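Working notes, structure below.
The values are calculated or read from the model by the stated rules, or taken from the named source; none is laboratory data. The structure displayed is predicted, hence computed values, not measured ones. Cβ placement follows ideal geometry from the backbone for every residue including glycine, while neighbour counts extend to all protein chains displayed.
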Amino acid sequence: MRTLKGHSGAVRCLAYSPNGETLASSGDDHAILLWTRRGEPCGRFATHTDWVRAIAFSPDGKLLASASWDDTVIVWNLARQKLQVQTGGYAGGAWSLAFATDGSLATGAGDGTVRLYRVPKDRNPLTLRAHRWPVSSLKFAPDGRTLLTASHDQTIKLWETAWGREQGVLTGHGDWVRSVSVGPSNSLAASAGDDGRVLIWNYREKTRIGKLEGHVGPVANALFCPDGRSVLSVGWDGSARLWDARIGRMRTANQWDDGRLLSLAIAPDGMTAATGGETGTVTVWDLDYLDG
């Protein structure tokens, strides 16, 4: 286990590069820090003027996008370590973003709207009036044809990405939905919310197929592991919990002295995970250790 220190505020978002060699972290101090696999600092971006709520690498690993409450989304060129694209006008702040496998970019705002950029430099994105409340999280399905959006309005919505048509609504959370993620297949999704639950969905059939309960208080994030069967979650109770999503059983839990856990990332090889918390530290550990 390694503890990475460099932030002066809560760490609200984490992302691994596609090759797993770089970890990006950001949050309340407005700065984006880059770390090597060994936990050594290897880059820093500090252009945002408010909390950074989401970061994501492009599928080819050449770009890093960040969404902030300063009402902007910035796309960074990693090779040059400089700003490449900046878009603004996100009413209520930019809350969430995600890349599709073809390089398309989706962003979610505090006013409930979603923008779909065909490429990061797209000057005429498709805008969806998606939710009534902030879009806290969004993810593309592996095939890129469906976008899932999660909101504080307690729903997850499904969208056809070519034309932006709504395909369905998933309901079941009793409070804000903080995150949504998809499995490596084209059918499973996991959502986490302030009701303390992680729900497992077959989003193709628009049905709930599982419920994971064990956290005390809000669950900040839940992600599928690359095996497609395990789900890792982190919550305000300070715990990271590994679940067998097929049977709804918690396999193990771990807790560090990092206060509320607010962010989570899993390396592409499924061997390593990272959490970020309110104390400003990033904890990186071997998933075999958590599962052991």
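Quick one: which strands (runs of 3 or more DSSP E) sit completely within region 211-269 and have at least 2 residues that are farther than 20 Å from residue 16 by Cα? Write out each step before concluding.
Working: elements: 219-224, 230-235, 239-244, 249-255, 261-266.
By residue number, 239-244, 249-255.
Given the criterion crowded, with 21+ Cβ neighbours inside 10 Å and touching a residue at least 40 places away in the same chain (Cβ under 8 Å), identify the matching residue among 264, 199, 170.
Exactly one of 264, 199, 170 is crowded, with 21+ Cβ neighbours inside 10 Å and touching a residue at least 40 places away in the same chain (Cβ under 8 Å), namely 264.
Looking at 10, 15, 54, which is the one that is surrounded by 16 or more Cβ atoms within 10 Å (Cβ to Cβ), at pLDDT 95 or above, among the hydrophobic types (A, V, I, L, M, F, W, C) and in contact with an Asp or Glu (Cβ under 9 Å, 6 or more places away or on another chain)?
Numbers: 15 fails: in contact with an Asp or Glu (Cβ under 9 Å, 6 or more places away or on another chain); 54 fails: in contact with an Asp or Glu (Cβ under 9 Å, 6 or more places away or on another chain).
Sole residue among the options that is surrounded by 16 or more Cβ atoms within 10 Å (Cβ to Cβ), at pLDDT 95 or above, among the hydrophobic types (A, V, I, L, M, F, W, C) and in contact with an Asp or Glu (Cβ under 9 Å, 6 or more places away or on another chain): 10.
Among residues belonging to region 57-72 that are in a strand (DSSP E or B) and either out of contact with any His (no Cβ under 8 Å at 6 or more places or on another chain) or touching a residue at least 60 places away in the same chain (Cβ under 8 Å) (or both), point out the one that is surrounded by the most Cβ atoms within 10 Å (Cβ to Cβ).
Filtering first and then ranking leaves 67.
For the structure I just gave you, tell me whether residue 256 is aromatic (Phe, Trp, Tyr) and surrounded by 18 or more Cβ atoms within 10 Å (Cβ to Cβ). Write out each step before concluding.
Values: aromatic (Phe, Trp, Tyr): yes; surrounded by 18 or more Cβ atoms within 10 Å (Cβ to Cβ): no.
The answer is no for residue 256.
Are there any pairs, at least 6 apart or on different chains, whose C-beta atoms fall under 6 Å, with the first in region 224-250 and at pLDDT 95 or above and the second among the basic types (Lys, Arg) and buried (at least 18 other Cβ atoms within 10 Å of the Cβ), and if so, which?
Sorted first by the residue in region 224-250, then by its partner, the pairs are 233/241.
Got at least one residue in region 99-112 being crowded, with 22+ Cβ neighbours inside 10 Å, over 19 Å from residue 15 (Cβ atoms) and within 16 Å of the chain's Cα centre (by Cα)?
Scanning region 99-112 turns up at least one residue that is crowded, with 22+ Cβ neighbours inside 10 Å, over 19 Å from residue 15 (Cβ atoms) and within 16 Å of the chain's Cα centre (by Cα).
Determine which member of the set 178, 208 is more than 29 Å from residue 68 (Cβ to Cβ) and either outside any loop (DSSP other than H, G, I, E, B) or in contact (Cβ under 8 Å) with a residue 60 or more places away in the chain (or both). Let's see the steps before the verdict.
Values: 178 fails: more than 29 Å from residue 68 (Cβ to Cβ).
It is 208.
If I ask for residues that are farther than 15 Å from residue 99 by Cα, surrounded by fewer than 23 Cβ atoms within 10 Å (Cβ to Cβ) and within 17 Å of the chain's Cα centre (by Cα), which ones from region 135-153 would you list?
The answer is 152, and nothing else.
For region 1-53, give me every one of the strands (runs of 3 or more DSSP E) that falls completely inside it and has 1 or more residues that are closer than 24 Å to residue 107 by Cα.
Numbers: elements: 2-5, 11-16, 22-27, 32-36, 41-45.
Result: 11-16, 22-27, 32-36, 41-45.
Filter region 234-292 down to the residues that are of a type in the set (Asp, Glu) and over 17 Å from the mean Cα position of the chain (by Cα) and list them by number. Spell out how you get there, then give the answer.
First, the residues of region 234-292 that are of a type in the set (Asp, Glu): 237, 244, 257-258, 269, 278, 286, 288, 291.
Result: 237, 244, 257, 258, 269, 286, 288, 291.
Any residue in region 100-120 that's in contact (Cβ under 8 Å) with a residue 24 or more places away in the chain and at positive phi: show its pairings with residues that are surrounded by fewer than 21 Cβ atoms within 10 Å (Cβ to Cβ) and part of a strand (DSSP E or B) at Cβ separation under 8 Å, as long as the two are six or more apart or on different chains.
112/129
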